[in-house]
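Written out below as structure tokens is the structure these notes cover.
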């Protein structure tokens with residue numbers, strides 16, 4: 001058990017050390033892990049339609065950590081919301097802006113039965129492969145319980161839902177940051 005933990009730590013440090021300022025990368029990674037470990041992290045979205053805050057669920061660890069890592073790297077800053085379905089979802093997180101792109105990493109489907117697709121829920125978008133989620137996410141604009149059990153719900157809008165409701169295809173995430 002201890003050897004596996006050390007191997008994981010070594011791999012994490014090795015990945016964090018690839019390129020850039022190694023000390024800054026190490027400090028950033030430690031900050032990401034402490035955000036997730038200390039409870040439900042919160043993320044502030046600043047958009048062209050106003051700001052809103054999302055609470056991420058620590059009990060969806062792989063998805064939440066993936067999202068926090070992307071936020072911490074600045075991945076979402078300047079990206080657009082590329083899909084809007086009235087009364088259903090607003091979707092973003094694709095660097096190509098087409099709905100066909102993502103980050104370089106995919107993560108498995110994580111279902112926590114107590115997390116439902118209620119209005120304001122944040123879920124991970126994916127293709128037909130349940131384990132294909134990457135960086136794209138969506139916010140439910142109304143209850144969408146038909147998605148429960150098929151898509152990962154990993155957060156909930158806790159402030160500014162009125163601004164989420166204003167979002168349309170083409171609107172931008174000007175800045176996405178972790179709330180300290």
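Report whether or not residue 114 is over 24 Å from residue 179 (Cβ atoms), free of Cβ contacts under 8 Å to residues at least 40 places away in the same chain and either assigned by TED's automatic domain parsing to the domain that holds residue 50 or in a loop (DSSP other than H, G, I, E, B) (or both).
It is false that residue 114 is over 24 Å from residue 179 (Cβ atoms), free of Cβ contacts under 8 Å to residues at least 40 places away in the same chain and either assigned by TED's automatic domain parsing to the domain that holds residue 50 or in a loop (DSSP other than H, G, I, E, B) (or both).
Would you kindly identify the helices (runs of 4 or more DSSP H) lying entirely within segment 1-94 that contain at least 3 residues that are buried (at least 17 other Cβ atoms within 10 Å of the Cβ) and modelled with pLDDT of 95 or more?
61-72
Report whether or not residue 104 is under 29 Å from residue 130 (Cβ atoms), under 19 Å from the mean Cα position of the chain (by Cα), loosely packed, with under 12 Cβ neighbours inside 10 Å and at pLDDT below 95.
Criteria met by residue 104.
Taking the conditions exactly as written (surrounded by fewer than 20 Cβ atoms within 10 Å (Cβ to Cβ) and out of contact with any strand residue (DSSP E or B) (no Cβ under 8 Å at 6 or more places or on another chain)), does residue 118 satisfy them or not?
no
The values are calculated or read from the model by the stated rules, or taken from the named source; none is laboratory data. What you see is a predicted model; the values in this text were computed from it and never measured. Here the Cβ is made from the backbone with ideal geometry for all residues, glycine too, and neighbour counts use every protein chain on show.
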